[in-house]
Amino acid sequence: MEVLDNKCPSCGAKITFNPKNQKWDCEYCGSKFSLEEMQNYNNASSKEVNSKNETFKKEKKLAGLDIYRCKSCGAEVIADEATTAAFCVYCGNTAILKNKITEGRMPTRIIPFKKVKEEAIDAFKNISKNRPLMPKFFNDQKNIEKITGVYIPFWTFDLKVTGNIDFNATDIKTWSDYNYQYTKTDTYLSKREASMNFDNILVDASSRFDDDLMDSIEPFQYKDLVDYNHAYLSGFLAEKYDVESDIGIKRAKTRAMNTAVDIARESVYHQTKIPTSNALKIDEIQNDYILLPVWMVNVKYKEKNYTFAMNGQTGKIVGEIPLDIGKTILISVFLFIIIAVLSFLILWFVG
Amino acid sequence: MINITPVFASTNTKERTEENYLISSDIKITESNKNNILSTPAIDEKEKIYDFADLFTEEEEQKLYQKISQYIDSYQLDLALVTISQNNKSSPREYADDFYDYNNFGFNNTKDGLLFLIDMDNREIYMTTTGAAINMYNDYRINKALEQVYQYMTNQNYYQGVLQYIQIIGDYAKSGLPGKQDQKNLTTTICYSIIISLIITIIIMVILINKNKLVRKKTTAREYLNKDSVSMKNIGEILVSTNTVRHAINHSSSSGSSTHSGSSGRSHGGGGHRF
């Protein structure tokens with residue numbers, strides 16, 4: 001894997017990735033570089049260094065990255081030197097410690113950000129449209145400023161499901177003549193032998209995020225997956241995985257199993273079908289560690305933190321939206337009175 | 001001792017002949033209904049109780065006559081009670097219809113009224129309705145009334161059964177025509193509006209609250225399925241058991257009043273119940 005320095009090839013200043021043109025823009029000299037151009041420049045400048053010393057190259061993989069640890073919640077995020085984390089993206093705390101990163105498994109692939117911060121701000125502001133019960137917290141500039149682009153670590157698992165599954169199936173037929181109604185119940189034992197593969201089932205590798213929240217932010221389009229490069233991180237934060245793959249796979253297996261049972265059930269052509277004995281087994285073919293782009297913001301409402309996230313590739317928004325109790329009561333009472341008066345008038349004068 | 005026959009002995013019949021059919025002038029005599037007329041006892045329609053099967057004591061008949069008079073005065077519907085031990089006609093319905101029509105029961109031109117028949121021959125109770133009584137007693141009310149009294153007949157408690165019957169048809173007449181008894185009433189209208197509003201408000205609020213739910217756990221992985229890799233073999237389809245059960249169908253009629261024509265050509269509603 002080629003590791004890029006995030007320096008502008010023309011002026012040497014720090015350079016950041018721009019999701020809009022999928023290039024690296026230099027704020028100082030205005031130059032724009034594609035991945036290829038960055039790589040060419042990089043190869044030329046580091047060739048002699050690399051050939052001298054293999055161990056140096058290995059260290060360089062993680063060199064140039066800082067790790068920030070939140071004193072309050074313990075979250076760890078990675079940023080390159082060009083990007084500074086001023087507050088914890090998970091709890092909003094500003095007391096965070098900066099360290100040089102030293103160890104860890106490297107992601108193999110990454111989907112670079114496609115949505116820029118302005119799109120994320122617009123999208124978050126639009127959540128309250130058509131949601132009258134939502135507190136208006138995205139009108140607050142303080143909250144808008146906290147919107148941060150974070151690469152979230154995910155595991156992807158390739159799984160193979162094989163084995164037998166039996167269903168208890170029934171058909172019920174009813175008919176009648178003049179005197180009686182007849183009900184005929186046929187019960188079958190349907191046996192199926194199944195085999196199927198699942199590719200790249202996504203599992204959240206960060207314990208910071210609610211798994212359900214990360215489930216909801218799916219799907220990501222894998223066609224945009226590219227080989228991982230530190231250069232994509234410039235301008236964004238990245239989280240280190242803290243859920244091991246052997247823990248994450250359980251969630252992937254559960255989802256694969258449910259789908260396999262569903263598919264087997266669909267192949268049984270009876271009215272009701274209940275799986276009776278399930279001898280399906282799931283084997284892991286391979287797993288992968290990838291980074292996916294997410295715009296996120298934490299909002300404090302009534303002493304509780306609410307996380308909102310936008311899929312940095314597709315723009316899909318997820319989050320647990322709290323109810324504004326005052327508005328909820330107001331709207332309920334208003335609705336109740338209006339509808340009661342209307343229905344009274346209709347019943348009294350029309351009905 | 002000379003037995004003075006009271007009004008209630010009610011088995012006094014006059015003789016019908018081809019010269020004098022003793023029927024109301026609005027009924028046309030034809031070849032087909034001639035026999036029906038001749039086989040129908042001609043009685044005095046003012047007596048109201050015709051106990052040919054002798055199911056009631058004289059005292060009971062007096063009390064029943066009072067009840068029947070009350071009913072007739074209250075609701076302007078004629079009411080006759082007939083019991084027979086031998087039915088010389090094809091069905092209780094035919095007997096009841098003929099008895100009503102050829103004896104000139106019923107008020108107004110539409111012959112409003114009803115007749116309750118206890119047919120010991122067929123062991124069936126039958127009520128026939130005419131004119132305004134057809135609308136008052138729809139199929140539902142007729143079935144309900146008969147259902148509530150037939151057991152008395154089964155238990156040979158005829159007097160109580162008829163008392164109960166008069167009570168029930170009186171209650172129905174009091175509550176008005178079916179479907180029209182819900183008069184507009186301020187408190188019930190307010191109650192209905194509140195209930196309707198409560199339901200609609202709850203539905204709207206549930207929809208609004210659900211809009212705030214943007215997080216849903218994923219429990220399946222269908223989007224990651226490699227469709228080309230799916231192989232699903234049917235390795236056995238065994239019929240384990242089959243069984244058929246049957247339930248008797250209860251032939252209950254609709255909420256309307258179904259009518260038929262008697263041999264006289266008049267229209268009747270009605271219904272029967274075996275006991």
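The values are calculated or read from the model by the stated rules, or taken from the named source; none is laboratory data. This is a predicted model, so every value here is computed, not measured. Reconstructed Cβ throughout: ideal geometry from the backbone, glycine too, with neighbour counts over all protein chains shown. Side chains included, ligands, DNA and RNA excluded: accessible areas come from the protein's heavy atoms. Shrake-Rupley method; radii C 1.70, N 1.55, O 1.52, S 1.80 Å.
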Residue by residue through the range B:18-77, note down the ones that are under 19 Å from B:MET120 (Cβ atoms) and in a loop (DSSP other than H, G, I, E, B). B:SER39, B:THR40, B:PRO41, B:ILE43, B:PHE52, B:ALA53, B:ASP54, B:LEU55, B:PHE56, B:THR57
Could we say that A:GLU284 is within 14 Å of chain B (Cβ to nearest Cβ) and modelled with pLDDT of 90 or more here? yes
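Assess whether A:SER234 counts as being away from every other protein chain (no Cβ under 14 Å) and among the polar types (S, T, N, Q).
Numbers: away from every other protein chain (no Cβ under 14 Å): yes; among the polar types (S, T, N, Q): yes.
It is true that A:SER234 is away from every other protein chain (no Cβ under 14 Å) and among the polar types (S, T, N, Q).
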Evaluation of A:ALA279 against (1) small (Gly, Ala, Ser); (2) under 30 Å from A:ALA120 (Cα atoms); (3) open to solvent by 60 Å² or more (accessible area, probe 1.4 Å) (one fails), failing number: (2)
Only one of A:SER206, A:SER245 that is open to solvent by 10 Å² or more (accessible area, probe 1.4 Å), within 28 Å of A:GLU320 (Cα to Cα) and not acidic (Asp, Glu): A:SER245
Tally up the residues in the range B:140-170 that are within 13 Å of the chain's Cα centre (by Cα) and either open to solvent by 70 Å² or more (accessible area, probe 1.4 Å) or modelled with pLDDT of 95 or more (or both), please. 4
Considering only residues that are open to solvent by less than 50 Å² (accessible area, probe 1.4 Å) and within 14 Å of chain B (Cβ to nearest Cβ), which ones fall in the range A:106-131? A:ALA123, A:PHE124, A:ILE127, A:SER128, A:ARG131
Could you look through the range B:86-104, keep only residues that are aromatic (Phe, Trp, Tyr) and out of contact with any helix residue (DSSP H, G or I) (no Cβ under 8 Å at 6 or more places or on another chain), and pick out the one that is farthest from B:ILE23 (Cα to Cα)? B:TYR95
Scanning the range A:209-226 for residues that are within 7 Å of another protein chain (Cβ to nearest Cβ), open to solvent by less than 30 Å² (accessible area, probe 1.4 Å) and in contact with a Lys or Arg (Cβ under 7 Å, 6 or more places away or on another chain) gives A:ASP215, A:SER216, A:GLU218
Under the condition of being at the interface with chain B (Cβ under 7 Å from one of its Cβ atoms) and either open to solvent by less than 10 Å² (accessible area, probe 1.4 Å) or in a helix (DSSP H, G or I) (or both), which residue from the range A:193-203 is nearest to A:LYS273 (Cα to Cα)? A:ALA194
Note down all Cβ pairs under 6 Å where the first residue falls in the range B:24-43 and is over 17 Å from B:SER261 (Cβ atoms), the second is open to solvent by less than 30 Å² (accessible area, probe 1.4 Å), and they're at least six residues apart or on different chains. B:LEU38/B:ARG16; B:ALA42/B:ARG16; B:ILE43/B:TYR50; B:ILE43/B:ASN103
Consider A:ASN168 against the criteria (1) more than 23 Å from the chain's Cα centre (by Cα); (2) more than 23 Å from B:VAL230 (Cα to Cα): it satisfies all of them except one. Which criterion is unmet? (2)
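Residue by residue through the range A:311-328, note down the ones that are at negative phi and within 11 Å of chain B (Cβ to nearest Cβ). Even if it seems obvious, please write down each step before you answer.
Within the range A:311-328, the subset at negative phi is A:311-314, A:316-318, A:320-328.
Matches in the range A:311-328: A:LYS316, A:ILE317, A:VAL318, A:GLU320, A:ILE321, A:PRO322, A:LEU323, A:ASP324, A:LYS327, A:THR328.
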Testing B:LEU177 on (1) in a helix (DSSP H, G or I); (2) within 40 Å of the chain's Cα centre (by Cα), one condition comes back false. Which one is that? (1)
B:SER197 passes all but one of the listed conditions (1) open to solvent by 90 Å² or more (accessible area, probe 1.4 Å); (2) modelled with pLDDT of 90 or more; (3) facing chain A (nearest Cβ under 7 Å); the exception is number (1)
Could you please let me know if A:THR185 is surrounded by fewer than 21 Cβ atoms within 10 Å (Cβ to Cβ) and within 7 Å of chain B (Cβ to nearest Cβ)? yes
With respect to the numbered conditions (1) facing another protein chain (nearest Cβ under 7 Å); (2) open to solvent by 80 Å² or more (accessible area, probe 1.4 Å), which one is the sole condition not fulfilled by B:LYS218? (2)
Exactly one of (1) at the interface with another protein chain (Cβ under 8 Å from one of its Cβ atoms); (2) open to solvent by less than 50 Å² (accessible area, probe 1.4 Å); (3) under 30 Å from B:ILE249 (Cβ atoms) is unmet by A:ASN179. Its number? (2)
When the residues of the range B:40-60 are narrowed to those that are within 21 Å of B:ARG123 (Cβ to Cβ) and charged (D, E, K, R), which ends up least open to solvent (accessible area, probe 1.4 Å)? B:ASP51
